[in-house]
Amino acid sequence: MTEPVIDVQGPLRKMPAEPGAPVLYHMKVGETRVPLNDLIGRELQLDFGGEIRCVHCDRLTRKSFNQGYCYPCFRKLAACDSCIVSPEKCHYHEGTCREPAWGEAHCMVPHVVYLANSSGLKVGITRKNQVPTRWIDQGAIAAIPMLEVATRRLAGLVEVLCKAYVADRTNWRAMLKGDVAPVDLEAERQRMLDTIEAGLDQLRAEHGENAIRAVSDSGLSLAYPVEVWPTKIHAHNLDKTPQVAGRLEGVKGQYLILDSGVINIRKFTAYNVRLQVFEARPQTPDLFSS
């Protein structure tokens with residue numbers, strides 16, 4: 001039987017990524033960081049043995065909530081509150097935040113409202129210290145900051161203004177096909193600022209003139225380590241098929257692109273897996289065998 005050149009086991013985590021030409025990816029399995037760019041063209045096998053442990057409390061859970069949490073943590077942690085998905089609903093200022101200290105560190109800090117081209121033009125927000133990580137995680141081929149704001153809630157309110165004119169979500173299937181048309185982001189930034197000017201003036205009147213600042217920084221173009229772009233998208237699901245195998249043809253966003261389909265690694269955060277890498281396709285893959 002073909003022996004693996006890499007054989008590691010542990011809980012999956014979001015793939016760390018760094019800007020580069022192309023973006024540099026690692027796959028984090030337990031405490032091991034496997035460099036993925038060097039593995040393009042190799043055969044990968046990912047086996048899920050059924051164990052999921054909460055990323056916060058390490059409790060064994062039958063189901064993952066919000067990408068890696070058990071249900072009790074999902075219900076109590078500020079990181080899992082609905083305002084994380086809809087930041088304009090942030091209620092920290094009302095004194096009802098689940099974890100005020102967490103809110104201070106993650107929400108009451110500078111955020112950036114940006115435009116990106118991932119599957120076409122979209123608006124998004126992120127903490128200032130998460131630029132450009134957030135853009136990479138979304139698979140953007142280009143992104144540009146538009147505004148810097150004082151808090152997450154304010155970023156959400158600005159995003160609401162923009163969503164009337166531009167999408168706020170990525171079409172992940174289109175993003176993974178690699179044929180995204182270019183967009184003049186500097187021109188789109190100016191167009192958007194002109195369009196929402198009245199709404200911005202109102203928000204500044206309510207929150208302070210310095211709470212929203214226009215950003216003139218130039219954008220960032222991003223390329224990804226992809227050898228073959230898929231023409232049809234088949235998504236692997238470890239809950240339904242606990243063994244995923246195929247030739248690694250690329251990495252984009254938080255997806256591995258295999259010749260057998262794609263898998264969103266972030267979706268399966270906290271799943272205990274075994275990752276094996278082979279020079280050639282193994283003949284008799286065996287789930288969690290030693």
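The values are calculated or read from the model by the stated rules, or taken from the named source; none is laboratory data. None of the values given here were measured: they were computed from a predicted structure. Please note: Cβ atoms are built from the backbone with ideal geometry, for glycine as well, and neighbour counts cover all protein chains shown.
Assorted remarks:
- Here Cys70 fulfils each of the conditions (1) touching a residue at least 40 places away in the same chain (Cβ under 8 Å); (2) touching a Ser or Thr at 6+ places or on another chain (Cβ under 6 Å) apart from (1).
- Test: residue in region 179-202 that is closer than 27 Å to Glu279 by Cβ and out of contact with any helix residue (DSSP H, G or I) (no Cβ under 7 Å at 6 or more places or on another chain): no
- The requirement of being over 22 Å from the mean Cα position of the chain (by Cα) and in the same structural domain as Leu161 (by TED's automatic domain parsing) is satisfied by His91.
- Selection within region 42-71 - assigned to a strand (DSSP E or B) and among the acidic types (Asp, Glu): Glu43, Asp47, Glu51
- When Gly103 is tested against the conditions (1) touching a Phe, Trp or Tyr at 6+ places or on another chain (Cβ under 8 Å); (2) closer than 25 Å to Arg75 by Cα; (3) free of Cβ contacts under 8 Å to residues at least 24 places away in the same chain, the lone failure is (3).
- Filtered residues of region 77-125 (kept if assigned to a loop (DSSP other than H, G, I, E, B), in contact with a Cys (Cβ under 8 Å, 6 or more places away or on another chain) and surrounded by fewer than 17 Cβ atoms within 10 Å (Cβ to Cβ)): His91
- The set of residues in region 235-264 that are of a type in the set (Asp, Glu) and not in a strand (DSSP E or B) comprises Asp239, Asp259.
Yes/no matrix, rows are residues, columns are (1) of a type in the set (Val, Ile, Thr); (2) over 17 Å from Cys162 (Cα atoms); (3) in contact (Cβ under 8 Å) with a residue 40 or more places away in the chain:
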{"position": "Leu200", "(1), (2), (3)": "no, no, yes"}
{"position": "Glu209", "(1), (2), (3)": "no, yes, no"}
{"position": "Ala214", "(1), (2), (3)": "no, no, yes"}
{"position": "Leu222", "(1), (2), (3)": "no, yes, yes"}
{"position": "Val228", "(1), (2), (3)": "yes, yes, no"}
{"position": "His234", "(1), (2), (3)": "no, yes, no"}
{"position": "Val244", "(1), (2), (3)": "yes, yes, yes"}
{"position": "Gly250", "(1), (2), (3)": "no, yes, yes"}
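- Apart from one condition, Arg33 fits all of (1) surrounded by 18 or more Cβ atoms within 10 Å (Cβ to Cβ); (2) within 17 Å of Arg266 (Cα to Cα); the exception is (1).
- Of all residues in region 212-270, those that are of a type in the set (D, E, K, R), modelled with pLDDT of 95 or more and loosely packed, with under 15 Cβ neighbours inside 10 Å total 5.
- Candidate set from region 170-179 (those that are at pLDDT below 95 and not in a helix (DSSP H, G or I)); member that is surrounded by the fewest Cβ atoms within 10 Å (Cβ to Cβ): Asp179
- Residue check, Ser86 polar (S, T, N, Q) and within 20 Å of Met15 (Cα to Cα): no
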